[in-house]
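The values are calculated or read from the model by the stated rules, or taken from the named source; none is laboratory data. This one's a predicted model, so the numbers in the text were calculated from it and none came from an experiment. Here the Cβ is made from the backbone with ideal geometry for all residues, glycine too, and neighbour counts use every protein chain on show.
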Amino acid sequence: MKCVIVSNRLPVTVVEKDGKMEFARSSGGLATGLDSLKVPGEKHWLGWAGWQAVPAERRKIRARLKKLGLYPVFLTPEHIHNYYEGYSNSTLWPLCHYFLNYMSCNKDYWRSYCEVNELFCREAMKIIEPGDQVWIHDYQLMLLPGMIRARCPEVSIGYFHHIPFPSYEMFRYLPEREEILRGLLGADLIGFHVHNYMRHFISTVYRVLGMECRLDEVILDNRAVRIDAFPMGINYDLYHGVSDLPDVCEKADELRRLAGDSKIVLSVDRLDYSKGLLPRLEAYASFLKNHPEYREKVTMIMIVVPSRDKVDIYAGLKTRIDELVGAINGAHATVNWNPVHYFYRCFDFEELAAVYSIADIALVTPIRDGMNLVAKEYLAAKRDKPGVLILSEMAGAAADLDQAISVNPADRWQIEEALLKALKMTVKQQKNALAVMQQSLARKNVACWANDFMGELRQVTERNLEMNRK
Ligand code: G6P
């Protein structure tokens, strides 16, 4: 029995070494979680390799990746435009994050989304055999469970949705709502980060498709689809153990020098409107205006990781962030101090660990976020040093991190108050709150998340096969 993981992107980073391309498995959250997944047979991972390869190179790339247990799917520029930037990131992403005004509905996007899900299905069928377990990840592949089920009914299929699932009143707006829901119901188990998303999904299935639903199940003719919540954790030991490494300490010292003696407020996100970057900057600007005693005493390090910048809304957001950072620095900077140090690039793992370890406050204020692993990584990397997490109540992670200072990301005044509160907390208060959250993160790590999901998938599949035999 094999376990086949399918996600839009493969977990590889391409590095140039002596003029040659080298492929390395990335240490991203999902990749490390799935590395520690205990399954009886081999593990394979299918996904988009993330770069354009001319047909002549493809055989070579396939052979190289196969050695890492990875199977590439190659997308054309048209797929990238219509399936990835289009239906995935201009239709489903804004819909699931409650940004209807950013949602575009376009039949070319939909056609391409169906075509690419079909392409993934064809590639997957080259590896999958009856009795295998398939674990599909995220909104880019919502039709795939149904497609695989139609071709191979005796396969065990799990799907995990890494972003919010919106309420019925939002989801009903999607022209292809029925097709998407039927696609998902090809799975035996559908997982969400938090209970609310799971509840929204079940009520949407009931109201859109009129199917029989129970508290955690959708009943089909010959099987039942289990719906459950599995809050994703992080590789706790990796983040907890890293801040002592010499490389990390050296980087931490360099970054610390940027802020002098002031307290560091950290903001780290992919470029995305759902992350609340503009309201966060506005709240920080009004904090500096209303509390002049903190000027030169607080510095924000803001890291924005480039993402989807070919999509107009993302490009426009980047311009607005550049302008706002410029305006804040222009208004408040002194000869000795810059209120915001802004990086628009990807930080590697050591740099990220370094910046987590020196940050006095992590300001994590998404408007909507499926989970938010940055909040969890920050807490793990603090080890026994003090630190405060200010966390949006709209992030899935808020359900797990009840010792954080919770804020409504739309309420600028509340964010200002939270900053004040964090700056005034004693070291003892900070360490007490950290210790409680660290204990729970160490226990509910990403390996538990992956193994819990797969354990439940095995049980549900057994039961479904049994129902089918009767
Ligand atoms: C979110 C999604 C992932 C996606 C990631 C990066 O976390 O849930 O599925 O891979 O963003 O976005 P990108 O568009 O670069 O793959």
Taking Phe347, is it within 16 Å of the ligand (Cβ to nearest atom) and over 20 Å from Arg412 (Cβ atoms)?
yes
Take the conditions part of a helix (DSSP H, G or I) and touching a residue at least 60 places away in the same chain (Cβ under 8 Å) and apply them to Glu169. Does it pass?
no
Pairs where the first residue, in the range 330-346, is closer than 26 Å to Arg270 by Cβ and the second is small (Gly, Ala, Ser), C-beta under 8 Å, 6+ apart:
Pro339/Ala333; His341/Ala259
Output the residues belonging to the range 199-215 that are over 26 Å from the mean Cα position of the chain (by Cα) and part of a helix (DSSP H, G or I).
Tyr206, Arg207, Val208, Leu209
Search result, residues across the range 87-98 that are free of Cβ contacts under 8 Å to residues at least 40 places away in the same chain and more than 14 Å from the ligand (Cβ to nearest atom)
none
Looking at the range 121-152, which of the residues that are free of Cβ contacts under 8 Å to residues at least 60 places away in the same chain and part of a loop (DSSP other than H, G, I, E, B) is farthest from the ligand (Cβ to nearest atom)?
Pro130
Flagged in the range 326-342 as assigned to a strand (DSSP E or B) and either at pLDDT below 95 or surrounded by fewer than 15 Cβ atoms within 10 Å (Cβ to Cβ) (or both), in numbering order, are Thr334
Taking the condition at pLDDT 95 or above and surrounded by 14 or more Cβ atoms within 10 Å (Cβ to Cβ), does Ala447 pass?
no
Considering residues of the range 73-86 that are closer than 18 Å to Leu271 by Cα and either crowded, with 22+ Cβ neighbours inside 10 Å or among the β-branched types (Val, Ile, Thr) (or both) only, the residue farthest from the ligand (Cβ to nearest atom)
Gly86
Near pairs, Cβ below 8 angstrom, 6+ apart or cross-chain, from the range 300-316 (without any contact (Cβ under 8 Å) to a residue 12 or more places away in the chain) to any residue that is within 15 Å of the ligand (Cβ to nearest atom)
Ala315/Asp309
Scan the range 432-446 and tell me whether some residue there is more than 20 Å from Ile234 (Cα to Cα) and either part of a helix (DSSP H, G or I) or of a type in the set (Ser, Thr, Tyr) (or both).
yes
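Being of a type in the set (Lys, Arg) and either surrounded by 20 or more Cβ atoms within 10 Å (Cβ to Cβ) or in contact (Cβ under 8 Å) with a residue 24 or more places away in the chain (or both) narrows it down to one residue among Arg207, Arg214, Arg199; which is it? Walk me through it before giving the result.
Working: Arg214 fails: either surrounded by 20 or more Cβ atoms within 10 Å (Cβ to Cβ) or in contact (Cβ under 8 Å) with a residue 24 or more places away in the chain (or both); Arg199 fails: either surrounded by 20 or more Cβ atoms within 10 Å (Cβ to Cβ) or in contact (Cβ under 8 Å) with a residue 24 or more places away in the chain (or both).
Testing whether each residue is of a type in the set (Lys, Arg) and either surrounded by 20 or more Cβ atoms within 10 Å (Cβ to Cβ) or in contact (Cβ under 8 Å) with a residue 24 or more places away in the chain (or both) leaves just Arg207.
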Checked against (1) out of contact with any strand residue (DSSP E or B) (no Cβ under 7 Å at 6 or more places or on another chain); (2) in a helix (DSSP H, G or I); (3) closer than 22 Å to Leu100 by Cβ, Leu174 satisfies every condition except (2)
Right, Val116: within 16 Å of the ligand (Cβ to nearest atom), closer than 30 Å to Leu465 by Cα, at pLDDT 95 or above and surrounded by 23 or more Cβ atoms within 10 Å (Cβ to Cβ) or not?
yes
Considering the range 1-37, residues that are exposed (fewer than 15 other Cβ atoms within 10 Å of the Cβ), in a strand (DSSP E or B) and of a type in the set (A, V, I, L, M), and then whichever is nearest to the ligand (Cβ to nearest atom), we arrive at Val14
Asn101 of a type outside the set (Lys, Arg), away from the ligand (no atom under 16 Å from the Cβ), modelled with pLDDT of 95 or more and in a helix (DSSP H, G or I):
yes
Hits in the range 414-444 (condition: touching a strand residue (DSSP E or B) at 6+ places or on another chain (Cβ under 9 Å), crowded, with 18+ Cβ neighbours inside 10 Å and touching a residue at least 60 places away in the same chain (Cβ under 8 Å))
Ile415, Leu419, Ala422
Going residue by residue through the range 49-66, is there one that turns out to be at pLDDT 90 or above and within 14 Å of the ligand (Cβ to nearest atom)?
no
If we take the range 222-325, then strands (runs of 3 or more DSSP E) inside it with 3 or more residues that are within 16 Å of the ligand (Cβ to nearest atom) and under 18 Å from Tyr342 (Cβ atoms) are 263-270, 298-305
